Structure formats: C-alpha cells, structure tokens
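*Asks:* Pasting a structure below so you can have a look.
The values are calculated or read from the model by the stated rules, or taken from the named source; none is laboratory data. A quick note: this is a predicted structure, and the numbers were derived from the prediction, not measured. So basically every Cβ, Gly included, is an ideal-geometry build from the backbone, and we count neighbours across all protein chains shown. What goes into the accessible areas is simple: the full protein's heavy atoms, side chains included, and nothing from ligands, DNA or RNA. Shrake-Rupley method; radii C 1.70, N 1.55, O 1.52, S 1.80 Å.
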Amino acid sequence: MTNQHRGQLPAIGPMLQDMERCEECGFEYDQSAFSMAAGRIRAGSAVLAAALTGSQADAATRRQPGRWSPLEYACHVRDMLLVQRERLLAARRLDRPVCEPMGRDERVELDGYAEQDPADVARQLRDAAQLFASDLDRLNPAGWDRAVIYTYPHRAERSLRWLAVHTVHEVTHHLLDVQRQLTG
C-alpha cells in the first residue's frame, strides 16, 4: 500500500536526494540564502495562518484521498517548526546531534489535527514561526556552521544553513498545498 493510500503524505523522493530543487513546488535549495530564512519563515507562516482563517472553505475537510486537509497541513507546519527549533537548539549545545524523525504521519491522528480549531492553529503557527526564526536570528557565523545528522531521506550531516533553507522549503511547499486546496 502506498503512502497516499494510507492517508500519508506522498514521498518527497527525488527532491531530497540531491537537495537542489523541488520539482513539485519549484523551490530551489540555495544555501547562500540562509540569512533570509528567518524572514521567509515568518512571512510564509503568516500567509499560511491567514489562509487558514481567512477562507470561507472548510479547512478541516480533505479534498482528495491521501491528501491532508488545509488544517492538517497547517498543524504539520506548526509542529515541524517546533521540531526544527529543537533540532537547532540541540545543534548549538551538542556535537552533531541526530535528528530523529518527527513522526509526521502519526501526528495527524495522535494529535487530532482535523479536530483542532483553525484560529488556535493559526496563532500557534505564527508563534512557532517566531520562536524558530528568532533562534535563527541569534546565530553567529560559527553557529551557522554547526551541524546536525539529518536522517531523511538518508542519513547525512547537514549545517544549520541547510536546516534553515530546508525549513523555508517546508513552509513554502505546504503553503502551496493549502492554497491549491482553498482556491480550488
């Protein structure tokens, strides 16, 4: 059974193999843009929060089998930002900590994403973006060079520059997922 048939997100696959470009959303992995990551994360999360609460469409309804609802995507982005923040903080105090998988598919049911209040999620999403982005803003040049061991899609050492750019991709990609659903 594929991930889509189990209600999980489709595998990202080729995009993360070489970390250059996401074919689905067009995001370019440019690690030299790390210094803009905090602002882009704040802005993208604010747009996602506004889309979640500003639409007349039902944010909790899945439009397609195997695709999360806009509310579920927003919950995922909120939780992903909090997990990425913990990974960044671990990298600041430990030598090359391992980033264990966050359990993205399991969280949908375990945390009841579809039953959460969109206004609460929008507020939490903005807060999570602010927390993570503020920690990015506090990094000095040596801090950006700190590394984590990222385990998806394959185990690899990644700098905090990469972590920041990857997080921008996550926000950008899932904002597009939500916008596609809410605009039909």
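*Asks:* Using the Karplus equation 6.51 cos²θ - 1.76 cosθ + 1.60 (θ = phi - 60°), what ³J(HN,Hα) coupling, rounded to whole Hz, does each residue of segment 135-148 give in order, writing x for Gly and Pro?
*Replies:* Coupling constants for segment 135-148: 5, 4, 4, 7, 6, 9, x, 5, x, 5, 7, 4, 10, 10 Hz.
*Asks:* While we're looking at this one, here's another question. Can you compute the charge dipole magnitude of segment 81-152 about its Cα centre, using +1 on each Lys and Arg Cβ and -1 on each Asp and Glu Cβ, nothing else charged? Give it in debye, rounded to the nearest 20.
*Replies:* Working: 11 positive and 14 negative charges, 102 e Å.
I would put it at about 480 debye.
*Asks:* With a 10 Å radius around each residue's Cβ, average the other Cβ atoms per peptide and rank 46-59, 89-102, highest first.
*Replies:* On the way: 46-59: 17.1, 89-102: 13.6.
My ranking of the peptides, most packed first, is 46-59, 89-102.
*Asks:* For segment 108-161, what size does the Cα cloud have along each of its three principal axes, sorted from largest down, in whole Å?
*Replies:* 41, 28, 11
*Asks:* Pairs of Cα atoms under 8 Å, at least six residues apart: use those to get the relative contact order of segment 47-137, whole percent. If you can, show how the numbers build up before the last one.
*Replies:* Details: 80 pairs, mean separation 38.8, N = 91.
Relative contact order here is 43 percent.
*Asks:* Over segment 45-171, with every protein chain in place, what whole percent of the accessible area is carbon and sulfur at 1.4 Å, could you tell me? Mind showing how you got there, number by number?
*Replies:* On the way: 2810 of 5800 Å².
Carbon and sulfur together cover 49 percent of it.
*Asks:* Roughly how big is the chain's charge dipole about its Cα centre, with Cβ charges of +1 (Lys, Arg) and -1 (Asp, Glu), in debye to the nearest 20?
*Replies:* Working: 23 positive and 26 negative charges, 62 e Å.
About 300 debye.
*Asks:* Please compute the Kirkwood hydrodynamic radius of the chain from all pairs of different C-alpha atoms, in Å with one decimal. It would help to have the intermediate numbers written out before the result.
*Replies:* Values: mean 1/r = 0.0599 Å⁻¹.
The Cα-based Kirkwood calculation yields 16.7 Å.
*Asks:* Among Gly112, Ala59, His166, whose Cα sits farthest toward the positive end of the charge dipole of the chain (+1 at Cβ of Lys/Arg, -1 at Cβ of Asp/Glu, about the Cα centre)?
*Replies:* His166
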